[in-house]
Amino acid sequence: MIYSTCGRGKTKGDHEVPMKHAINLFQLTAICVRRVSMKRTCVAVSVLLWLFLAATPSHAQWIKKEDLKGDYVDGEPFDLVFLNEAGEFAILKIKPIVGKLPPNPLPERGELVFEYFQDGDERLEVPYSSIARFRTFNEILIEEANQWIGMKEYSKAFRNLFRVYNLGGKDDPAMVASMMNCLFLDGKKNFELGEYELALSIFEDLYEKDSSFNVPGFNVPLISIVMSCHNGMIDRRFQVEDYIGVRQQLGSLVDKYGEKANQLKTEWTAKFLQRSDDLVVLAEKYADEGKGREAHLSAKQAEQMFPGRPEVLELQKTLLLQFPLIVVGVTQDGADADPNRIEHWGSRRVGRLTQRTLIENTGLTDEGGKFEFLNGRIFPLDEIGLKYAMEIDESPSGFAVPEIDAFGLALRLTSAATETSPDHNVAWAKILKSVEIEGESRVVFTLRTPFVRPEALLKLKYSEGDEDGEIERNGFYVQTGENNGASVFELNEAYPRHSGHQHPVIVEQVFENSSDAVDQLLAGNIDVLDRVPNADLAKIRENERVQSRPYILPTVHMLIPKIRSEAGKDPSFKNGLSHAIDRDLLVNDVISGGQPVDGCEVISGPFPIGSEDNDQIAYAYDLKVRPLAFNAEMGMVMVDLALRARPPVRPEPLPSPKLVIAYPSGSVAANSAAAIARMWTEIGVETTARELKRGETVPPDDNWDFLYLEVTMEEPLVDASNVIGAEGIATAVSAPIEQTLRNLSYARSWQRACADLRRLHRQTAVDLSVVPLYQVREYFAYRDTVRAIGRDLIHLYQNVDRWKIDLTAEKEEQGK
């Protein structure tokens, strides 16, 4: 037991005093509690009673023993006076005695002068002969601390002792020793419970205060205990295969403790070597079984366990020749793959890998996207832009280009303008007049009216699909398997292998949490990450083995309203909710993690605003329209106005509706939708977030009020109608917006197109047919062993035909 009295021993009558539950007022008249100014003479009982009633402020000063239980450690200090039989065993709660404390033991004669704890206007006195015990506040705390220690509640005991330390105990060596002993016991308890981090913080604190500290009965040096805590933490990391974390912790240990950490480092180095040997054996076993992915993973882990081993590097080189493979980390899978699906990141990504379209966007120019005809070239035949030719080259320059002849090309152009076709394109149907075949390799189409960018409407698939509607997978890769959250893609057998190209197997590994994917990239367990959280960019840039690059197209984030309740008919309700969204908070905290990123900013419309070094895509954005400022109070008032009664049309107020925000799978949308739901709930509109099923971006049912949408607009001129209007997702639009969309479909010049798009921006900002949130600049990242991935990409797999994995970088790193 830890015991400290701060200079006071036991007082006279220091034993358990029985306490009556009730004290008769007339019996209390015998208690000799007097004003200091009273004459110490015997008086009649009636006079004593009068004096008692006048001198005793309140019944609260006479307390019961059970009343002392409670959380008073951080409260105002007080002392206790325990009276003996002469005082009916009462307990007096008094203000702390300042200066000289009562003699110890208490004398037979004399009086204790004090003030009551609560009503201390008068100084009172009580004879020492009527006192059984006197306890200071510090003594009370120490007694209780000893009880906590007996129950192994060391953190509670330390709280008491620390208060004593701050109330004058810092000058008492016994008190300081008590605190350190209590800390030690608390650390020991946490260590035995496996709480190594908490135990370590305690033991390291003790070590820094006194490296030679020890507790009687414990002969183990404190530094050994510190190392044992680290060993427990390292073992836990080792079990979950956090090998990089283990190495970092061992490195910091050696830096901090020097030779004292050498033994622990030596022990773990031996474990790493043994584990590396085991992984080499496992990798070879997988290779013999034809399990390339598993073999690569085991070999990578063997390298991480013990970097630079020649036998491991040779194994990796052999595996690359036998099973060339690149693992891509993703946070949204590619269900229903479609390269033209601008509202689903995963579908668009895998669509570009497995499908080709007649015309593809390969970059940006001063006039929007750079659209190329894969099989040849497209060009105007007149100055006004009514007639265009598409010529097919005998040997297209690109890899993995599906074959097509003039007849097939003409069929695709007319099919896109046919209402019954699955590839029907309303905008193309409006402007197409005729299609003619001129020879085996030339098709000419004529428009009803000039259109500023007709090729942007021709991102058509090479075929409508088979009888079951299955789209032909004519991309450079095809999916060959799916297992444990991973999709496997291999070279399409329809295309020949090219000499000098590796054509590695692509494995997409899905991660529920994007930060976990970043950790795996840094650890070397994956090679490429398709979408880097902006909050983790700094972490990636600190790693010399990993590079991050921006896509040239940002994503635009918005809410599509479809409020089911009657309140949604009132514009004030929707406007109030929009005011209650703290967009700056979402960008700074949820999206960027507090790190400013160029191109990540709040927007006022449904179009991208671009970035400082890439503003070609911003031609549709009206900079004169400012983003809506966050004002929760105004939002609350506007919502309240929308719900109020409006006789005679609405005699009773509307109940506050319960809203549902639907969002596609993926951590970006999930975090943002949850944050917006909290903001709306805080202003009194109960809101929940609902995750959609795999591959869904629009709910198949009616159970939603807002849809969270993230869109990659390749060309706002044509993509505007894919989001807004009858052919888009936000179908509930006003007549003026419908008219602007019709004008866009006949835009003859860039000047007219930009004017219409900016008008559309202003119109949506007024009626909130879409609720704009922010733009996010997207990044991909890859390890330096992946070559020819490209830069300024529209799609991650834009140059996949050139990808290869090369261990030269790892060898160079080992040689440094």
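The values are calculated or read from the model by the stated rules, or taken from the named source; none is laboratory data. Keep in mind it's a predicted model, so treat the numbers as computed, not measured. Glycine also receives a Cβ, built like all others from the backbone with ideal geometry; neighbour counts cover every protein chain displayed. Please note that ligands, DNA and RNA were not included when accessible areas were found on the heavy atoms of the full protein model with its side chains. Shrake-Rupley method; radii C 1.70, N 1.55, O 1.52, S 1.80 Å.
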**Q.** Single unsatisfied condition, A299 versus (1) in contact (Cβ under 8 Å) with a residue 60 or more places away in the chain; (2) of a type in the set (A, V, I, L, M); (3) open to solvent by less than 30 Å² (accessible area, probe 1.4 Å); (4) not in a loop (DSSP other than H, G, I, E, B)
**A.** (1)
Q.
Let me spell it out: the conditions are (1) free of Cβ contacts under 8 Å to residues at least 24 places away in the same chain; (2) part of a helix (DSSP H, G or I); (3) surrounded by 16 or more Cβ atoms within 10 Å (Cβ to Cβ); (4) within 34 Å of the chain's Cα centre (by Cα), and V766 meets all of them except one. Which number is the exception?
A. (3)
(Q) List the residue pairs whose Cβ atoms are under 8 Å apart, where the first residue sits in region 75-94 and is touching a residue at least 12 places away in the same chain (Cβ under 8 Å) and under 18 Å from P105 (Cβ atoms), the second is in a helix (DSSP H, G or I) and of a type in the set (V, I, T), and the two are 6 or more positions apart or on different chains. (A) L80/I140
Q) Is it fair to say R356 is at pLDDT 95 or above and either open to solvent by less than 40 Å² (accessible area, probe 1.4 Å) or of a type in the set (S, T, Y) (or both)? A) no
**Q.** Selected residue (only one of R275, R236, R247 is touching a residue at least 40 places away in the same chain (Cβ under 8 Å), within 30 Å of L297 (Cα to Cα) and either in a helix (DSSP H, G or I) or not small (G, A, S) (or both))
**A.** R236
Q. Pick from region 475-486 the residues that are open to solvent by less than 80 Å² (accessible area, probe 1.4 Å) and touching a helix residue (DSSP H, G or I) at 6+ places or on another chain (Cβ under 8 Å): which of them is modelled with the lowest pLDDT?
A. A486
(Q) Looking only at region 507-565, how many residues end up being part of a helix (DSSP H, G or I) and surrounded by fewer than 21 Cβ atoms within 10 Å (Cβ to Cβ)? (A) 12
Q) Considering only region 250-270, how many residues are out of contact with any Phe, Trp or Tyr (no Cβ under 7 Å at 6 or more places or on another chain) and under 27 Å from L315 (Cβ atoms)? A) 7
Q.
So, in region 770-816, exactly how many residues are polar (S, T, N, Q) and at pLDDT 95 or above?
A. 1
Q. Inside region 160-183, can you point out the residues that are touching a helix residue (DSSP H, G or I) at 6+ places or on another chain (Cβ under 8 Å), open to solvent by 10 Å² or more (accessible area, probe 1.4 Å) and touching a residue at least 12 places away in the same chain (Cβ under 8 Å)?
A. F162, R163, Y165, L167, G168, M179, M180, L183
Q | Some residue of region 158-172 being farther than 18 Å from V73 by Cα and under 50 Å from the mean Cα position of the chain (by Cα) | A | yes
Q. Based on what the data block shows, is R109 in contact with a strand residue (DSSP E or B) (Cβ under 9 Å, 6 or more places away or on another chain), part of a loop (DSSP other than H, G, I, E, B) and either open to solvent by 10 Å² or more (accessible area, probe 1.4 Å) or free of Cβ contacts under 8 Å to residues at least 24 places away in the same chain (or both)?
A. yes
Q. For region 730-763, which residues satisfy the criterion of being under 20 Å from V556 (Cα atoms), surrounded by fewer than 21 Cβ atoms within 10 Å (Cβ to Cβ) and in contact with an Asp or Glu (Cβ under 7 Å, 6 or more places away or on another chain)?
A. R758, R762
